[in-house]
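A.B. asks: One structure is given below, represented as structure tokens, and several questions about it will come after.
The values are calculated or read from the model by the stated rules, or taken from the named source; none is laboratory data. No experiment lies behind these values; they were computed from the predicted model shown. When we count neighbours, we look across all protein chains shown, and the Cβ atoms used for this are built from the backbone with ideal geometry, even at glycine. Protein only, heavy atoms only, side chains kept; ligands, DNA and RNA dropped before computing areas. Shrake-Rupley method; radii C 1.70, N 1.55, O 1.52, S 1.80 Å.
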Amino acid sequence: MLKVDDPQSWGPSLDEAVAALQRGAVVVLPTDTVYGIGADAFDADAVAALLAAKGRGRQMPPPVLVPDVRTLDGLATDVTDDVRALVERFWPGGLTVILTAQPMLAWDLGETHGTVALRMPDHPAALALLRRTGPLAVSSANRTGQPAAMTAQEAHDQLGDSVQVYLDGGAAPGGVASTIVDATGPRMRVVRAGAIGVADLREIVPSILDVGEDDGAAGSDGDAGPGDAAGSA
């Protein structure tokens, strides 16, 4: 375990994580929601190793964590004003947005059907790492179907030697996976409830649909089910 709980001393730990990612290895890192398992988003073999560590197939591609809101336009197309308003309000933070991926990107995240799920985490160590590596494919640090890891040790207990570097930032401060919003359709829709409630989202985009809500359905109070909390950080 490499400590990253103090910016004054985490430099060597981040150095080791960066070197591992550059070699195509996978690392565990703290985020503001739950612990994540990360790989270079542009290294197809590394992404495959990430999915294998989780026991997950290509049909469940990992989201991508970014270091800055400005990265949005480099990775996605058709970014609407409503999407920009949401990320301005909730990034960095517990909001993942599914968008149409830039078609010329040299990556293979799995069976994405031309989309990418993006999030900017609100965690100093995660952001410090991302600023050095650029976008990382990051899923929750657990075996598929098991509880999301709240600590680096919990991640190690599930993932073991499949991960080369474990960054330990203490207990995950949020403890709840991110809310996922699909912005690829005619109306934005919450596809997984999480850290940000639909009522808060509707303060920015009143027309957003809740989990399971039809276009003509009445408004929801945001108490939808938890969705696949093991899916993404």
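A.B. asks: If you check every pair at least six apart or on different chains, which have Cβ atoms under 8 Å apart with a residue in segment 173-190 that is more than 30 Å from D5 (Cβ to Cβ) first and a residue that is basic (K, R) and at pLDDT 95 or above second?
C.D. replies: What qualifies is V181/R189; D182/R189.
For every residue, the table says whether it meets (1) within 14 Å of the chain's Cα centre (by Cα); (2) open to solvent by 10 Å² or more (accessible area, probe 1.4 Å); (3) not small (G, A, S).
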site: A17; (1), (2), (3): no, no, no
site: V28; (1), (2), (3): yes, no, yes
site: T31; (1), (2), (3): yes, no, yes
site: G38; (1), (2), (3): yes, no, no
site: V47; (1), (2), (3): yes, no, yes
site: L50; (1), (2), (3): yes, no, yes
site: R58; (1), (2), (3): no, yes, yes
site: P61; (1), (2), (3): yes, yes, yes
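A.B. asks: Condition first: touching a residue at least 60 places away in the same chain (Cβ under 8 Å), touching a Leu at 6+ places or on another chain (Cβ under 9 Å) and open to solvent by 50 Å² or more (accessible area, probe 1.4 Å). Now tell me which residues in segment 1-15 satisfy that.
C.D. replies: M1, K3
A.B. asks: Hey, can you tell me all the residues within segment 167-187 that are crowded, with 20+ Cβ neighbours inside 10 Å, more than 15 Å from the chain's Cα centre (by Cα) and modelled with pLDDT under 95?
C.D. replies: Of everything in segment 167-187, nothing turns out to be crowded, with 20+ Cβ neighbours inside 10 Å, more than 15 Å from the chain's Cα centre (by Cα) and modelled with pLDDT under 95.
A.B. asks: Right, here's the next one. Answer yes if at least one residue in segment 155-166 is in a loop (DSSP other than H, G, I, E, B) and modelled with pLDDT of 95 or more, and no otherwise.
C.D. replies: Yes - at least one qualifying residue is present in segment 155-166.
A.B. asks: Here's a follow-up. Any residue at all in segment 95-105 that is in contact (Cβ under 8 Å) with a residue 24 or more places away in the chain, open to solvent by 10 Å² or more (accessible area, probe 1.4 Å), of a type in the set (A, V, I, L, M) and touching a strand residue (DSSP E or B) at 6+ places or on another chain (Cβ under 6 Å)?
C.D. replies: yes
A.B. asks: From the residues in segment 109-132 that are of a type in the set (D, E, K, R) and surrounded by fewer than 17 Cβ atoms within 10 Å (Cβ to Cβ), which one is modelled with the lowest pLDDT?
C.D. replies: Selected residue: E111.
A.B. asks: Now, a different point. Considering only segment 35-48, I want to know if a residue exists there that is out of contact with any helix residue (DSSP H, G or I) (no Cβ under 9 Å at 6 or more places or on another chain), within 21 Å of A148 (Cα to Cα) and either outside any strand (DSSP E or B) or among the aliphatic types (A, V, I, L, M) (or both).
C.D. replies: yes
A.B. asks: Checking T144 against (1) within 15 Å of L50 (Cβ to Cβ); (2) touching a strand residue (DSSP E or B) at 6+ places or on another chain (Cβ under 9 Å), only one condition comes out false. Which one?
C.D. replies: (2)
A.B. asks: Sticking with this one: Are there any pairs, at least 6 apart or on different chains, whose C-beta atoms fall under 9 Å, with the first in segment 73-94 and free of Cβ contacts under 8 Å to residues at least 24 places away in the same chain and part of a helix (DSSP H, G or I) and the second aliphatic (A, V, I, L, M) and open to solvent by less than 70 Å² (accessible area, probe 1.4 Å), and if so, which?
C.D. replies: D73/V79; R84/V69; R84/L72; E88/V69; E88/I204
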